Amino acid sequence: MKLILDLENGRLAGANKTLFRPEDRSWQPFEEEMPSAREVSPVEAVEWLQKNSGSPCRVPVAVIGGREATPAQLEAAEAMGRHLGRMGLTLVCGGRQGIMEAACRGATGEGGLSIGILPDADPAMANPHVSVPIATGIGIARNALVARAALCLVAIGGGYGTISEMAFGLQFEKKVFVLADGPVIDGAHPCADPDQAADAVARVVLNLPMEGVEDSRRQGFK
């Protein structure tokens, strides 16, 4: 759906004659013309929502992955964090090293907020780029908290722990996107790169249909 932003009046509309309600992230029928409006991408629309609408989406987006990662995976995680920071979305993760640290570094580098839900009882175990460390002391059971807290999840690399977070996310009926050789399981959406994943996240925030990403079951993954 084509998105039209009326900056003068602070309104986001769809080409299908609907108006976005930031208060509950819904689309309502709308007939009024917007002669001064301009077309925007989902990512641009979310940046407006978060920074200028007055009613931002406060639910964070999770970036999940392991402490062991390849340089390409770390680069993808940092890029994903930068996307979230630029859009004004809060990042939630496991708070430790590897993918989590790279994502937090990217988010905070763009002025974003990062929340680390730690398995440890000591908040000092958080990586230095976590804005808000939450020391749960419950070990890997914190994986369920990360998934439950998130609006949607982006998995980058990772192993069994990442798979568990993805599975929790899908069980909680959250969208799960996969980057950089992350585990592909039924119901997850593989993305080609962080730009595509950012577009997908923006579509979740705006309650828009997915475009450009496919459910893994449609691609034949098992």
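Does Ala149 qualify as being of a type in the set (Gly, Ala, Ser), in contact with a strand residue (DSSP E or B) (Cβ under 6 Å, 6 or more places away or on another chain), assigned by TED's automatic domain parsing to the domain that holds Phe168 and closer than 21 Å to Gly182 by Cβ? For Ala149, the condition - of a type in the set (Gly, Ala, Ser), in contact with a strand residue (DSSP E or B) (Cβ under 6 Å, 6 or more places away or on another chain), assigned by TED's automatic domain parsing to the domain that holds Phe168 and closer than 21 Å to Gly182 by Cβ - is met.
No other residue among Thr108, Thr70, Thr90 is farther than 17 Å from Ala126 by Cα and polar (S, T, N, Q) apart from Thr70.
Tallying residues that are within 14 Å of Val130 (Cα to Cα), outside any helix (DSSP H, G or I) and out of contact with any strand residue (DSSP E or B) (no Cβ under 6 Å at 6 or more places or on another chain) within the stretch 62-92 yields 1. Among the residues of the stretch 147-169, is there at least one that is modelled with pLDDT of 95 or more, among the charged types (D, E, K, R) and either in a strand (DSSP E or B) or in contact with an Asp or Glu (Cβ under 9 Å, 6 or more places away or on another chain) (or both)? Checked the stretch 147-169: no residue is modelled with pLDDT of 95 or more, among the charged types (D, E, K, R) and either in a strand (DSSP E or B) or in contact with an Asp or Glu (Cβ under 9 Å, 6 or more places away or on another chain) (or both).
Please specify each residue of the stretch 10-38 satisfying the condition of being more than 13 Å from Leu49 (Cα to Cα) and polar (S, T, N, Q). Of everything in the stretch 10-38, those that are more than 13 Å from Leu49 (Cα to Cα) and polar (S, T, N, Q) turn out to be Asn16, Thr18, Gln28, Ser36. Inspection of the stretch 58-66 finds a residue satisfying the criterion of being in the same structural domain as Ile163 (by TED's automatic domain parsing), modelled with pLDDT under 95 and either crowded, with 21+ Cβ neighbours inside 10 Å or closer than 24 Å to Arg148 by Cα (or both). Of the candidates Gln73, Gln97, the single residue that is under 23 Å from Ala188 (Cβ atoms) and modelled with pLDDT of 95 or more is Gln73.
The values are calculated or read from the model by the stated rules, or taken from the named source; none is laboratory data. These numbers come from a predicted model, not from an experiment. So basically every Cβ, Gly included, is an ideal-geometry build from the backbone, and we count neighbours across all protein chains shown.
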